[in-house]
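See below for the structure under consideration.
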Ligand SMILES: [Zn+2]
Ligand SMILES: [Zn+2]
């Protein structure tokens, strides 16, 4: 039999952030698609929509509230928050009543909406770096405000873009859910980063930045020579996974990506949180956000749907957590092979293991080949 | 302030099977729905569809293959499998090459499709127990066949029902993915069941059957008296979570359910696998499957979408795993508040923590109130 080929043989890859495995079935990209196709989002929208509850001067969902005539970003408390600030404290079960199978805790918190721009038809993908910078500053200001509240121990900033992600309003905005607990995902990441730190005496994500830089250099060296690297079979997949980078940030399709075109934006320096970033680093983050979201839109020539989230230090005052935290952004996009074919997280994914078809290296190559000039203005 | 109320205050609940927390925001059920609505599946289908690649005597997706004129169930190998039986083995990285951030392993396996019935228009929800019994027998036979193969260490049986779950063909069928590894989800469950076993010297799911039986008895006792139980504030939510049961199986909305109407079917006896079930227990499983799927269809008067999967002992010959395994079925349905409003696992769910609005006790009550006679034949 021929030797193992990462582009045609099934394998699993380890996600060190979540301590879990992902199944990769690259030969399966050849299967015909018989499932549901969604309508791609290629709509042209007005820059002001009188019926949008996020546009300046319009009425909000809650009766009687009206948006100001804002010019850059606009922050308000979510009208139907998932967590509330004022609620009674739950009595703790006595030792006799405690059942390890019925564990529960009360959770207080506050939820916010941040409009990125007064323009209804903008998205991060077609905003300029100058327009994205105030969004980053607003993230920092809100995080700093919430950090001072004793019952807020974590601030989760996330954006759902597109109807496929359950987002009902195309007006550019994100949400911020701040909670009494450190939620599951960041808590698990911190735990695994701690285990890595104890074992290797290094920050996992600092090491990962270095690993991806080396893989990129190797891929470029191979491409520069005429001989192929396939002489000795590789024990890890060949190819770069860096989609784009600047002095402060790197955007990669992570080695362990679950979503077809999932990316991870990593701070190259060890920053615990956005507010630790220098003005130059904030500018670089605006740059990398513009470039990756623009490449996403260009990939299938549509407004590319995703869930994006920022992971940074919790606001619980835990100094171990602060040292371990390494600022990064996850982009989880559901599109699979075109603007209308979606990846479903179902069946084997829910009951067995996360699974992908196209390899992370192939996905990175597709994104590398996209322009950083938006298709609408090209 | 009034005392804590599990039906209106935010709390989180612990899932002992996955060792993770779920956020429950019951007050949020009042928010208006502005998102996408899907077309509910209320179509009337023919009992034979000449264009269906699963109907008896029809051509399959792969060129040249034809289905037999089967009368009960029909098993064949998936034409586009996620794992393959024949592929080269991946060389293991040398000590020098090993990078903890680039871990990968090759995975062999085999994938199958099982048609539940020759009738194109049937689903488990409107099949009789007599018709479901051969499906259970087919699951057992295939598991037993695969158990004898040395490179197959786990057999995952799962059903995706409905277009919402990415299922392209309404013909009643499930899939079986058998793999060299024990996939992430069952591996994590086994690990957490082992930790529980070591700590409490009992099987976690045997204990959970007992816990839910007691909660059900308490709820019935409270309902029988005129006084309310709200005099002393409870440290765990009141109410039964048992939707239906028989001598051998119990169907509950688990205390830690993520999906709005998620259910867990538990064997009341400690069975490691389906093939250990007596004929009476197999009959009881057919009974409980018919009853819960029928209640699901009746809930919103539609063909109710879900992903269902069976967790049982791996086929890796690990005697610890065999002792720990406790047969159970997970039903993960995406419908939220009607036949057309879907729950999206996005944003905070992907980046923070799983989150639900309606409480598990409220969901159980809704399902308890449904008939076990299918609405189409009522
Ligand atoms: Zn670092
Ligand atoms: Zn048990």
Yes or no: residue A:349 buried (at least 21 other Cβ atoms within 10 Å of the Cβ) and more than 20 Å from residue A:123 (Cα to Cα)? yes
Conditions (1) within 17 Å of the chain's Cα centre (by Cα); (2) within 18 Å of residue A:353 (Cα to Cα); (3) in a helix (DSSP H, G or I); (4) in contact (Cβ under 8 Å) with a residue 24 or more places away in the chain; number of the one not met by residue B:192: (1)
Could you please find all residues in region B:188-214 being facing chain A (nearest Cβ under 8 Å) and either away from ligand 2 (no atom under 16 Å from the Cβ) or within 20 Å of residue B:75 (Cα to Cα) (or both)? B:188
Single match in B:79, B:69 (criterion: surrounded by fewer than 18 Cβ atoms within 10 Å (Cβ to Cβ), farther than 30 Å from residue A:80 by Cβ and at pLDDT 90 or above): B:69
Which strands (runs of 3 or more DSSP E) does region A:8-96 wholly contain that include 1 or more residues that are within 10 Å of chain B (Cβ to nearest Cβ) and farther than 18 Å from residue A:171 by Cα? A:11-15, A:20-24
Can you confirm whether region A:169-185 contains a residue that is out of contact with any strand residue (DSSP E or B) (no Cβ under 8 Å at 6 or more places or on another chain) and either under 30 Å from residue A:118 (Cβ atoms) or within 16 Å of ligand 2 (Cβ to nearest atom) (or both)? yes
Kindly provide the set of residues from region A:271-313 that are over 18 Å from the mean Cα position of the chain (by Cα), buried (at least 20 other Cβ atoms within 10 Å of the Cβ) and in a loop (DSSP other than H, G, I, E, B), ordered by number. A:277, A:302
Can you confirm whether region A:127-144 contains a residue that is surrounded by fewer than 22 Cβ atoms within 10 Å (Cβ to Cβ) and under 16 Å from residue A:317 (Cα atoms)? yes
Residues that are over 13 Å from residue B:351 (Cβ atoms) and either within 7 Å of chain B (Cβ to nearest Cβ) or out of contact with any helix residue (DSSP H, G or I) (no Cβ under 8 Å at 6 or more places or on another chain) (or both), drawn from region A:162-187: A:162, A:163, A:164, A:166, A:167, A:168, A:169, A:170, A:171, A:173, A:180, A:181
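The values are calculated or read from the model by the stated rules, or taken from the named source; none is laboratory data. Bear in mind the structure is a predicted one, so any value in this text is a computation, not a measurement. Note: ideal-geometry Cβ built from the backbone for every residue, glycine included; neighbour counts use all protein chains shown.
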